[in-house]
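See structure below.
The values are calculated or read from the model by the stated rules, or taken from the named source; none is laboratory data. Please read these numbers as outputs of a predicted model, since none were measured by experiment. Heads up, the Cβs are rebuilt from the backbone with ideal geometry, glycines too, and the neighbour counts pull from every protein chain shown.
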């Protein structure tokens with residue numbers, strides 16, 4: 001079957017088997033390796049992508065279910081070679097160590113900030129509950145997000 005989607009802002013089509021998972025199509029067919037495979041049971045957040053702007057676990061989403069929908073992977077976050085403010089905040093605060101969870105974490109934060117541009121720390125913690133980080137202890141991640149929320153101009157580029 002054919003799946004048509006908007007992938008990272010561009011139209012894309014791919015021929016799939018009905019049982020293929022989105023993570024496999026993204027990583028193996030479309031060569032978008034930023035989406036990480038980890039638990040395969042929708043609990044760690046490493047495979048998070050945005051489907052129509054909302055976080056989705058690509059390890060448990062059938063690719064067929066994203067037909068005519070908009071998908072954003074970590075590769076689609078930076079625009080014209082410029083890092084997104086969320087990416088810039090993570091870097092500025094050292095909110096990553098091994099980096100394995102970082103793509104899913106950044107996509108979840110982008111979705112949160114679209115829904116609530118000024119979330120409280122409690123809201124941030126709640127929204128990120130599906131994204132596990134085994135390295136950082138979340139302190140730097142929370143610091144980065146809170147600083148971005150409180151000082152958004154600090155993370156803007158000249159073109160944003």
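A few comments on the model shown:
- Unmet requirement for residue 34, which otherwise passes all of (1) part of a helix (DSSP H, G or I); (2) within 14 Å of the chain's Cα centre (by Cα): (1)
- Qualifying residue in segment 128-150 (condition: surrounded by fewer than 16 Cβ atoms within 10 Å (Cβ to Cβ), at pLDDT 95 or above and under 26 Å from residue 27 (Cβ atoms)): no
- Filtered residues of segment 48-87 (kept if assigned to a helix (DSSP H, G or I), under 19 Å from residue 133 (Cβ atoms) and in contact with a strand residue (DSSP E or B) (Cβ under 9 Å, 6 or more places away or on another chain)): 74
- Matching residues, segment 94-110, being surrounded by fewer than 21 Cβ atoms within 10 Å (Cβ to Cβ) and modelled with pLDDT of 95 or more: 110
- Some residue of segment 64-72 being on the phi > 0 side of the Ramachandran plot and surrounded by 20 or more Cβ atoms within 10 Å (Cβ to Cβ): no
- Candidate set: segment 1-54, residues that are without any contact (Cβ under 8 Å) to a residue 12 or more places away in the chain and out of contact with any helix residue (DSSP H, G or I) (no Cβ under 8 Å at 6 or more places or on another chain); chosen: the one nearest to residue 112 (Cα to Cα): 10
- Residue 38 being within 26 Å of residue 98 (Cα to Cα) and at pLDDT 95 or above: no
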